[in-house]
Amino acid sequence: MNKYKILTILIVSLLAIGGYIFTNIYSDSGNTISKEKKLVVTGACKPIENQCEILGNEIKMTLSFKAPPSYQRLLPITLSSETSLDDVSLSLIINDDEMAPIKMKNTGDKKTWMANVMPNATVSNKNLKIRLTVSYKATLHSAKFPIEY
């Protein structure tokens with residue numbers, strides 16, 4: 001074998017090992033950035049009665065409805081937080097059929113978030129759930145929980 005073939009094989013091997021190490025370092029740092037943390041609902045979530053407390057790491061929120069949910073009627077939803085949040089979205093799940101997520105709008109202080117959602121199916125006390133996703137300090141926090149009313 002001539003020296004160029006040996007040098008080429010050595011360089012390719014070093015590049016492959018370096019690429020493998022770089023890929024592992026990059027994927028490990030990416031996983032810590034994109035990890036999602038869970039939110040917990042304390043007790044039963046009854047947003048019509050202002051009894052829906054949601055807790056997370058350094059986060060405490062309350063979800064409330066202005067009226068009972070009804071088919072094809074706007075449902076005003078308010079999320080109040082003790083801390084400033086970066087972004088909030090939610091989606092209704094009716095009979096295990098999830099609606100498209102809706103981005104909630106803040107009222108200026110990033111502690112009170114509002115949205116109007118129109119249920120696309122008949123809603124009852126047994127078939128309604130909410131998927132809530134909150135961004136706080138560049139980390140996603142999420143929960144899926146049933147609604148009672």
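Farthest towards the positive end of the charge dipole of the chain, among the residues 80, 64, 4, is the Cα of 4, using unit charges on the Cβ of Lys, Arg, Asp and Glu.
A simple rule links phi to the HN-Hα coupling: the Karplus curve 6.51 cos²θ - 1.76 cosθ + 1.60 with θ = phi - 60°, which for segment 79-88 gives 10, 10, 10, 7, 10, 6, 9, 7, 6, 9 Hz, with x for Gly and Pro. Among 140, 79, the order by Cβ neighbours within 10 angstrom, fewest to most, reads 140, 79.
Computed from the alpha carbon atoms alone, the convex hull of segment 87-126 holds 78 Å³ per residue. Which angle from 0 to 90°, rounded to the nearest 10, does the C-alpha axis of helix 3-34 make with the longest principal axis of the chain? For helix 3-34, the angle is close to 20 degrees. Counting beta carbons within 10 Å around each of 89, 84 and listing the fewest first gives the order 84, 89.
For segment 36-146, the dipole from Cβ point charges (+1 on Lys and Arg, -1 on Asp and Glu) about the Cα centre works out to 100 debye, to the nearest 20. Rounded to whole numbers, the Karplus 3J(HN,Hα) couplings from phi for segment 92-103 are 8, 10, 10, 6, 6, 10, 8, 6, 5, x, 10, 7 Hz, using 6.51 cos²θ - 1.76 cosθ + 1.60 with θ = phi - 60°, and x at Gly and Pro. By the rule of a C-alpha distance below 12 Å, with chain neighbours fewer than 8 residues away ignored, the aspartates and glutamates paired with residue 46 are 148. Let me test this: with uniform point scatterers at the alpha carbons of the chain, what is the Debye-based log₁₀ I(q)/I(0) at q = 0.09, 0.19 1/Å? Result of the Debye calculation: -0.40, -1.10. Candidate cross-link partners of residue 37 among the aspartates and glutamates, defined by an alpha-carbon separation under 14 Å and a same-chain spacing of 8 or more, comprise 58.
We did not get these values from a lab; they are worked out from the coordinates using the rules stated. All of these numbers come straight from a predicted model, not from anything done at the bench. Note that each Cβ is placed from the backbone with ideal geometry, even for glycine, and that neighbours are counted across all protein chains shown.
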